[in-house]
1. Which FRET efficiency value, to the nearest 0.05, is calculated for residue 60 and residue 190 with the Förster distance at 30 angstrom and r the Cβ-Cβ distance?
2. Of 113, 225, how do they rank once you tally other Cβ atoms within 10 Å and put the fewest first?
3. Under a plain spin-label model, where a point goes 7 Å from the Cα along Cα-to-Cβ, how far apart in nm are residue 150 and residue 52?
4. For a protection proxy built on the mean count of beta-carbon atoms within 10 angstrom, sort 215-223, 260-268 highest first, please.
5. Once each part is reduced to its C-alpha centroid, what is the distance from segment 62-87 to segment 180-243 in angstrom?
6. Give me the number: length gained by fully extending residue 269 to residue 249, i.e. 0.36 nm times residue separation minus the C-alpha to C-alpha distance, one decimal in nm.
7. Would you mind getting me the FRET efficiency between residue 72 and residue 232? Use the beta-carbon distance for r and R0 = 30 Å, nearest 0.05.
8. Before anything else, pin down the relative contact order of segment 3-268: Cα pairs under 8 Å, at least 6 apart, normalised by residue count, whole percent.
Ligand code: ZN
């Protein structure tokens, strides 16, 4: 039976309590939200952290504390962001790798991000990929655009990333590529054979539709407040877990078995922290 890996991106860098008052922010809240998402079927948590004011930070101490609190509750695979937040430097974004997390996101190019933009030049991508490899961390190759798939191929060719490759397609970022199943299919056909991929649609409708895209094309699902704060049109989600529950339910109805963290470690060759 096909296994469905559900990643939950519980807070992100840009989502605020004004978007959804149920957003977890402190290490304790992040660990609780992770545990609830895990119980609902998530096997990977994609982690950003916030400072005392609730702003995005790449502070290693806060990551360390949050990861420890998560580990006390469950064995979910922890994927840290190296994307950080808009405007952060490479040094800032990379320091979390010192903690040797199990997985890390690796942004594969430059993209509009609403009225802002995220810059990832090839030289800086090589730097991230090398550091991720040196620490024995497994990367998720985040592609916000078709060109990012080709940029990721360059890293693969330069042996900066080891197989099996795991891609994250980020679709429907304002100013980026829109989500539709034809575009997703086009992306999927352009990654190396035997690779794995997850998809996240940004915003309520794209998020839900991308789940069905993953079910149709044999990919994995990412949900969570980083990508979308709504459960349905105009209705805010009560929690990250509520979004995971739905993703798990439709996956099971679609004939998938929900992957455990152990399944993820075996499939994606992740070394347990
Ligand atoms: Zn993120």
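The numbers here are math on the coordinates, done by the rules we state, and not lab data. Because the structure is a prediction, the values reported are computed rather than measured. Neighbour counts are summed over all protein chains in view; Cβ atoms, including those assigned to glycine, are modelled from backbone coordinates with ideal geometry.
1. Working: r = 35 Å, r/R0 = 1.18.
Once rounded, the FRET efficiency stands at 0.25.
2. 113, 225
3. Calculated label separation equals 4.9 nm.
4. Details: 215-223: 22.8, 260-268: 17.9.
Averaged packing, sorted descending, gives the order 215-223, 260-268.
5. Measuring centre to centre over Cα atoms gives 21 Å.
6. Numbers: separation 20, 0.36 × 20 = 7.20 nm, distance 2.62 nm.
Additional length available on full extension: 4.6 nm.
7. The pair residue 72/residue 232 has a calculated efficiency of 0.35.
8. Values: 550 pairs, mean separation 62.2, N = 266.
Over segment 3-268, the number comes to 23 percent.
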